[in-house]
1. Determine the sum of side-chain charges near B:ASN326: Lys and Arg each +1, Asp and Glu each -1, restricted to other residues whose C-beta is under 14 angstrom from that of B:ASN326.
2. Taking 7 Å along the Cα-to-C-beta vector as the label spot, tell me the B:ARG217-B:SER452 distance in nanometres, rounded to one decimal.
3. Hey, if we sort B:THR387, B:THR227, B:THR7 by accessible area with the 1.4 Å probe, largest down, what's the order?
4. With the crude spin-label approximation of a point 7 Å out along Cα→Cβ, what separation in nm comes out for A:GLN54 versus B:SER311?
5. Do you know the Lys pair count in region A:7-141 for C-alpha distances under 25 Å, with sequence separation 8 or more or different chains?
6. Could you state the number of Å between the C-alpha centres of region B:239-317 and region B:335-362?
7. Which shape class applies to region B:6-102: rounded if a/c is under 1.5, otherwise prolate when a/b exceeds b/c and oblate if not, where a ≥ b ≥ c are the square roots of the Cα gyration tensor eigenvalues?
8. State which helices in chain B qualify, where a helix is a whole DSSP H run, it must extend 27 Å or more along its own axis by its Cα atoms, and its mean Kyte-Doolittle hydropathy must be at least -0.5.
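The values are calculated or read from the model by the stated rules, or taken from the named source; none is laboratory data. On a predicted model such as this, the values are computed, not experimentally measured, just so you know. Here the Cβ is made from the backbone with ideal geometry for all residues, glycine too, and neighbour counts use every protein chain on show. When the accessible area is computed, the model is the full protein with side chains, heavy atoms only, and any ligands, DNA or RNA have been set aside. Shrake-Rupley method; radii C 1.70, N 1.55, O 1.52, S 1.80 Å.
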Amino acid sequence: MQKRASRYVPVEHTADAGIKIFAPDLKGVFESAAQGLFDLIANLDRVTPTSRRQIEIEATDREALLVTWLSELNYLFLTERVIFKKFQITTLDECALSALVAGEPLDLEKHEIYTEVKAVTYHGLYVKEADDGCEAQVIFDL
Amino acid sequence: MKLRKVTDYLWEIPKEGGMRVPARIYATAKMIDAIRNDNAPVQAANVAYLPGIVKYSLAMPDIHWGYGFPIGGVAAFDLEDGVISPGGVGYDINCGVRLMASRLTRQQIQPKIKQLVNSLFKHVPTGVGSRGDLRLTHEAEKKVLVQGAVWAVKHGYGTEADLEYIEENGSTDAADTTVVSYKALERGRAQLGTLGSGNHFLEVGYVAEICDEEAARVLGLELDQVTVIIHCGSRGFGHQVCDDYLTVMNRAVQKYGISLPDRQLCCAPIKSPEGREYLGAMRCAVNFAFANRQVIASWAGDAFQEALRMSPNEIGLRVVYEVVHNIAKFETHEVDGEQMKLCVHRKGATRAFAPASPDIPAAYRGIGQPVLIPGDMGRYSYVLVGTQGAMRDTFGSTCHGAGRAMSRHKARKAARGRSIASELEKQGIYVQASSRRTIDEEIPEAYKDVASVVDACQLAGISKKVVQLKPLGCIKG
C-alpha cells in the first residue's frame, strides 16, 4: 500500500492558532509541522527558497524536540530574517535531529507576511503513533 | 465543572481533588454560560493546585482560555512556600497600556485624522519583521533591561515627568541581566520602539462619555478631549524569556517534586535558584516593555507635530497613566486580618489599587489608581479606577480587556468579501495596518463587548468607571 503524504490541518482556537499533523512517519511530522508554522507566518507562494542551511537540535524528549525545532526556525526567522519554505529532516531520534532547510531572506516589498508567532507552546502538545503513521498537535501563541 | 453562585457577580469552583484553595470567577449570570463553554474554568481550577497559593485562584470577567493559567487570571503565592510560574505571567511579559491625553479636541482632529494616522504609521514601526530605528548592541540593551523607561528618558524619549505616571515609575528593580539568554538579547535588540502585530495597537480617540465627574477632573479628562492609547509589550525579548524559563521550570518541577495537572503550569519555589532567576529575567522584560512604550510614545508625539504642524505645547500630550497586565510582583496585601507579602501573578489582569495607596501617583491618591481597558477597533475603551473592594477581594486586581469571541480563522471568514477598513472609515475610524489580514482578524465583532466586562467589574465592586473613550483612528501590525 502506498503511504499517504504528510499533511496538517488547522486547530481552531479562540485567541491563538494550532495545527494537527498526520504523517507516515516521525520525520514527516517534523517536516509538515515546520510547513504549518511558516504557512501561518507568510504567504509561501511568494517565497523562492534560495538560501540553505543545516540545523541541529537536541531536547529531553520527542515532544520537547518538536517544540524546540519549531522555536529554532521561528527564532531564525525573527533574528536572521529568513522565511523558510523547504524542510528536510536528515537524521532523527527521540531527543535529537538534524535538518536541511531552505528559504529566502525577508523582503517586505516582495513577501506577504501574515503574523508574528510569539512562541511555540507546550499546551495540548502531543506526538503519537497512529494506525497509519504518526500524529501530532502543536499550538502557537500569536 | 461545578460552579457555585456566591453573589450575582461571583462564582466559585469548590476545592476538590488536588486543589489547595477554591477558584473564583467574576462574571454576570449572562456571561457565565459563555465562560462555562470555554476550557478556562478548568484552567482556573488547575491554578489552585499550585503550592503556596493564597485564598483563591481568581479570574476576572474577561477570562478566556490561555496556556496553563487562563487569561484574566490572578493568583497570589506565599513567599515562604509558594511558587513562581512563567505561565502565570504569559509570553508577552509586561504587555500593558499607556493612556495619554492632549490639549486637542475631537473637532480639531477629525478633519485631519488621515494625515495623523498616516504620520503615526510612518513614525512607529508596526508588524512582523519591523525594526525600529534603534539598533542596540547587547551592552546597550542590557542598560534598557536594568533601567526601563528611565533609559528612554535619558536618551531623549519623553521627559522625567512621564515616569511619575507609569506603574512602578517605569522601572522595576532587581532585574538581572546575567540570567537572560543570548537568544532573548538577539530577539530584542532590533525591536525596541516597535508595536508588533496581533492585537497590539496605537489608537487616537476622544473622551466620549464621563461616568465619574470628580475622578475625570482629577485625571484631567474632559468631553471631546483627544487621547492616545498604546497597547504593546516586551516584544521578542519577553517572548524568549518566557520560552527559556518554561524549559527551566519543566526541569524544576521534577527536581522539586511538584505535581501539576498541566505541563504549561510549570513553576519553581519562589526561593529556589530557578525561581529567583526567572524573576530576575522577567524583570528585565518588564523594563524592556516600559522602555518600548516610552520610545513609541515619543515617536507618536513627533507624528502629531508633523501631521498637525503644531508645537508640542499646543498638542500638549501627557501621560495620564500606564498599566501592566502580564506580570508577577511582590506586593503586601491583607489576608485574614494580617498583612502578608505575596507574589501576585496577573496574566491578562490589571493592578487596580484603591485610593490612598502609596504605590500610586500622589495626584491620584484621592480617586484610586487609573486602570485602562482597551476595547476593539470599532467600539470603545474605558478608564476605570481601583477600589477598596479590589484590595479586599482580588489582591487589588481587575480585568484587562474585552477578550476574543471569535478565533482568528473565524474572524477572517467573517471578513471575507468585505473591506473592514472602509466599513470602519464610514463610522469615522481610519485604520492603517501592515497587513490586511491583521485588520480582518481584528474586526470589531471578533471581540466581546468590553462594556459588559467593565460593567461586571463595577457591579462586583473591584473597579469603578470614570470615562469612556471612542476611537478616531488607529495603527496596527
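1. +2
2. Reported label-point gap for B:ARG217 and B:SER452 is 3.5 nm.
3. B:THR7, B:THR387, B:THR227
4. 6.5 nm
5. Lysine pairs satisfying the spacing and distance rule in region A:7-141 number 15.
6. So the two Cα centres are separated by 19 Å.
7. Judged from the Cα gyration tensor, region B:6-102 comes out oblate (a/c at least 1.5, b/c at or above a/b).
8. Taking the DSSP H segments of chain B (at least 27 Å long, mean hydropathy at least -0.5), we get B:273-308.
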